[in-house]
Structures are given as C-alpha cells and as structure tokens.
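Novice: Take this structure, written in structure tokens, and hold onto it; I'll ask about it next.
Read the figures in this text as sums done on the coordinates, not as results from a lab. Everything numeric here is computed off the predicted structure, so don't read it as measured data. Here the Cβ positions follow ideal geometry from the backbone for every residue, glycine too, while neighbour counts run over all protein chains shown.
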Amino acid sequence: MENEITINGIKDIQKNNISDLSKSDNWYDYKYCMNAVKEDGDALQFVKIQTEEICIEAVKQDGYALQYVVIQTPKICMEAVKQNGFALQYVEIQIDKLCMEAVKQNE
C-alpha cells in the first residue's frame, strides 16, 4: 500500500534523511497519521494537522511524544504521564493532578 507506514520504515528513513520523511504529503492524511502514531508516538513530530485524538494515541504509545504536541490539553497531558511519568517535563501547565499521576507512575 502506498500510504502504509511501519515503525521500521520511519526508523530507516530517519537514519538516512529525516527531511525525506517530513516532506511527504501523507502527513496531512488523518488515517495515515493515526496509524503512524499508533506504531511510533515519535511520528507525531511529522503530523501536519494535529487533532486531540491523534495526539492522545501518540502519547499513549510513547509519553515522550508530548514534546511534539502543538496544543496541549489536560487530557493529552494526563495520557502522557500515565504512559510515562517522566513525560511531566514536557507538560506546559503542571497541575497537582498531573504531578501526582506522574509520581504514581514512577514509584
């Protein structure tokens, strides 16, 4: 499939030339982006139109993907720290509830 992406595909392209990957028109396609972030949360850095749903899937896969979220919501941030408490470092507005969840994840 032309729009199919795999985690190995992302890693191979990143190794060779990251600009080739980021220039693809596929990063405007919702389904393509959703599949990509479900396999590798770091793919969020290439998504041209970030929706809350795409961002949530990315941080569920890898909490550190929060660093690529353009507009953070409490829901996205909570999912990120649930996946990895250390993702708290990328939360722009650190409320008590998020901090407590982060500590809980890292016990």
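Novice: If I take R0 = 35 Å and measure r between the Cβ atoms of Tyr30 and Lys97 in this structure, what FRET efficiency does the formula 1/(1 + (r/R0)^6) give, to the nearest 0.05?
Specialist: On the way: r = 30 Å, r/R0 = 0.85.
Efficiency for this residue pair is about 0.75.
Novice: Please express the shape of segment 23-62 as an equivalent ellipsoid: the semi-axes are the square roots of 5 times the eigenvalues of the C-alpha gyration tensor, given largest first in whole angstrom.
Specialist: Taking √(5λ) for each Cα gyration eigenvalue gives 15, 10, 8 Å.
Novice: With no solvent and one equal point scatterer per Cα, compute the Debye intensity ratio I(q)/I(0) for segment 21-107 at 0.12, 0.24 Å⁻¹ and report its log10, rounded to two decimals.
Specialist: -0.32, -1.04
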